[in-house]
DNA sequence: CCCATGATTCAACATCTGTTGAATTGGAGT
DNA sequence: ACTCCAATTCAACAGATGTTGAATCATGGG
């Protein structure tokens, strides 16, 4: 006859699946996607690892839920920007794209390391999940660039696909690497490293693609809000 | 009484530690640094996992040996380029830096994914090992840029630290991501993607930093050899 | 008041990881 | 021919990982 009588049962407070996602994001942010263990996520969320399997089918499903929560708003905003038929000059539209990405990604190192980790693995690692989320974003920006060429604001030689890649990748790189790596490797004083980095980058980028690079950039709205 | 009589003993052919490093590199290239297991490396090398511990103290030591084999030649070439006191215009010197990096890294996806993986992890992940190997490389390029400013070839506002970062990071990104990710996400036809990407990038970069961006680039030597 | 159902936990599983100690072999030196 | 050492392998360790089945609790409905 066994004598089991241990305090199991649920915590008094219910656990919202969103709280688990928050915890997962936090752990991904500091451990990387691959190294983040379910037990670490559960510890961060303050629950049992098995509970995660009650709310999500698997680790991968949790990952998918994370993407589904973060990407659609970005897609929508960039989509609106690309469809917009106003008179805004190309430089301002591109800067607006950077601002949108920045607003949505700057406080979410988890999703960034997650994107990078999966994308960087290469062709087969780029899970179709991520590809589907990212593709519309890239297409919107490519459209901005193509229209810039058509309007004559950009050089005729500009290759929209490649320059889209330059823009988006460097945005991510600056967010993650400039504040941490640059001070250690190149003795750059931290300070407002990210804002300075992005502004400098856009200035360089714009001179690189503009038909008339000597024409100074219009005053750009600040990065946040 | 046990009855042990199994065929142990060494393989007929001795195993050069360099062969193990080659195998490690191959596995790192396709699995990523973190996910690459010693057993997978041993399988690739065709030896027992324990043998790796005979030649190297640990996985980390093997990693260090990999870096020590690859980086010093790059450091030397870039160092010579930075010290060179000739008349070569700044644009050609910078393009030469890109060519040097390209020559040494283009056939070594293992070392690239290894650099990226460790660097991207952020501040504490950037092991001092890598930092010490990379720092001199970055410093050489920064010196090229600073001299370009001093000579009046580059804009006065150019920030050498940041623009060094732009140059080096995008080189790595192009090598790894342009051929694999771009065709899948942005429908870019593969073909000579890397060479085209690097040339396009340098053209954009140069217009971004040059004092006179309208002055066309001099003819650039081909990337390889 | 009872019971069904949803939420939570415990304990265990098989598997993989880096690492080590002891056993075994081949060949070089004498 | 014998010895000794370097090189290699086997088997096992302790710990971590993703996952699952069954047990437990809390609570709302009848």
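Extension gain, residue B:59 to residue B:214: 0.36 nm times the residue separation minus the Cα-Cα distance gives 50.7 nm. Placing a label point 7 Å from Cα along the Cα-to-Cβ direction at residue B:224 gives distances to the equivalent points in the other copies of 4.7 nm, listed shortest first. Computed packing ranks the peptides B:175-182, A:98-105 as B:175-182, A:98-105, most packed first, by mean other Cβ atoms within 10 Å.
The modelled label-to-label distance between residue B:104 and residue A:151, using points 7 Å beyond Cα along the C-beta direction, is 4.3 nm.
Shortest first, residue B:73 label-point distances to identical copies amount to 5.0 nm, with the label point at 7 Å from Cα along Cα→Cβ. Against chain B, whose longest principal axis is taken from its Cα atoms, helix B:90-105 shows a tilt of about 10°. Alpha carbon centre of the range B:50-81 versus the range A:173-205: separation in Å? That distance is 29 Å.
Using a 10 Å cut-off on Cβ to Cβ distances, tally the other chain neighbours for every residue of B:28-36 and report the average as a whole number. Don't skip to the answer; put the middle values down first.
On the way: counts 0, 1, 4, 3, 7, 1, 6, 4, 0.
Taking the mean over all residues of the peptide, I get 3.
With a cut-off of 8 Å between alpha carbons and a minimum separation of six or more residues, what is the relative contact order of the range B:15-56 in percent? Reported relative contact order: 39 percent.
Ellipsoid semi-axes for chain B, based on the Cα gyration tensor and the rule √(5λ), read 41, 19, 15 Å when sorted largest first.
Per-residue mean of foreign Cβ neighbours for A:130-139 is 2 (Cβ atoms of other chains, 10 Å radius). The relative contact order of chain A, computed from alpha carbon pairs under 8 Å that lie at least 6 residues apart in sequence, is 20 percent. Scaled against 2.2 N^0.38 Å for its residue count N, the alpha carbon radius of gyration of the protein assembly as shown is 1.10. Summarising the label geometry, the points placed 7 Å from Cα in the beta-carbon direction at residue A:83 and residue A:50 lie 4.8 nm from one another. Remark: label point of residue B:58 defined 7 Å out from Cα along the Cα-Cβ vector; separations to the same position in other copies 3.3 nm, ascending.
Taking Cα atoms only, the orientation of helix B:160-186 departs from the longest principal axis of chain B by about 70 degrees. Taking the square roots of 5 times each eigenvalue of the Cα gyration tensor of the range B:15-56, largest first, gives ellipsoid semi-axes of 16, 10, 8 Å.
Of the peptides B:50-63, A:133-146, the ranking by mean beta-carbon count within 10 Å, highest at the top, reads A:133-146, B:50-63. If you run the Gaussian network model on chain B, springs between alpha carbon atoms under 10 Å, then out of B:67, B:154, B:129 the most flexible one is B:129.
No lab work stands behind these numbers, since they all come straight from the coordinates. Note that the coordinates shown come from a computational prediction; the quantities given were computed from them, not determined experimentally. Don't worry about glycine lacking a Cβ; one is built from the backbone with ideal geometry, like all the others, and counts go over all protein chains shown.
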